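**Student:** What follows is a single structure, and I will ask about it in a moment.
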Amino acid sequence: MQSVVHECWAADYPSVISSEAIKEGRLEWYEEEHLRREIRSADAVVTVSAVDGDLQGFAHAVLDGDEGTVLRLYVLPEERRTGIGTALLEFTVHQLADRGANRVVALALARNDVAAEFYEATGFERIRTGTTTIAGERYDEAVFERPI
């Protein structure tokens, strides 16, 4: 997962967040033990796409009551526009629905146009902007929503 994140952040974020935040954020959010704890939690839904053992992308969501939240969805840049992202998202949404969610929200940095286009193309509507902190720096975060 870390290699997918590394490639995606290198491709998508240089014009969105500082280079220091890219480096530190990957270490902070995707440190192996931290990531392992998050994906093993009872409320987590993690979906992966791999070919011959090579990870192409993954989605990580959590369920809180009747709302599912897609925290992360990454597809290797060279694998984009092949349907992998949509398949990861739809399977994740289905899993959230099976566990009781009746709506799903997705989070993305507000200046990440690639993510915004993807979520809007898959039926999400941008409902608000919040903030997130990466490596001590605050960034606007878009919140998208779709009923299930």
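FYI, it's all coordinate maths here, none of it is from the lab. It should be emphasised that the depicted structure is a prediction, and the values quoted were computed from it without experimental measurement. Every residue, glycine as well, gets a Cβ built from its backbone with ideal geometry; the counts of neighbours run over all protein chains shown.
**Student:** Just how many % of Cα pairs in region 32-94 lie over 15 Å apart, if you round to the nearest whole percent?
**Tutor:** Counting every Cα pair in region 32-94, those more than 15 Å apart make up 51 percent.
**Student:** Same structure again: Arg37 to Ile148: FRET efficiency via 1/(1 + (r/R0)^6), r the Cβ-Cβ distance, R0 30 Å, to the nearest 0.05? Don't skip to the end; give the middle numbers.
**Tutor:** Details: r = 27 Å, r/R0 = 0.90.
Step by step, r from the Cβ atoms, then E = 0.65.
**Student:** Using +1 on the beta carbon of Lys and Arg, -1 on that of Asp and Glu, and nothing else charged, what's the dipole of the chain about the Cα centre, debye to 20?
**Tutor:** Details: 15 positive and 27 negative charges, 41 e Å.
My answer is approximately 200 debye.
**Student:** Something else about it: Largest first, please: the extent of the C-alpha atoms of the chain along each principal axis, to the nearest Å.
**Tutor:** Here the Cα extents, ordered largest to smallest, are 39, 39, 31 Å.
**Student:** Further, regarding this structure: Determine the relative contact order of region 2-147: mean sequence separation of Cα pairs under 8 Å and six or more apart, normalised by residue count, in whole percent. All intermediate terms of the calculation are to be shown ahead of the outcome.
**Tutor:** Working: 242 pairs, mean separation 31.0, N = 146.
Taking the mean separation of contacting Cα pairs over the length of region 2-147, I get 21 percent.
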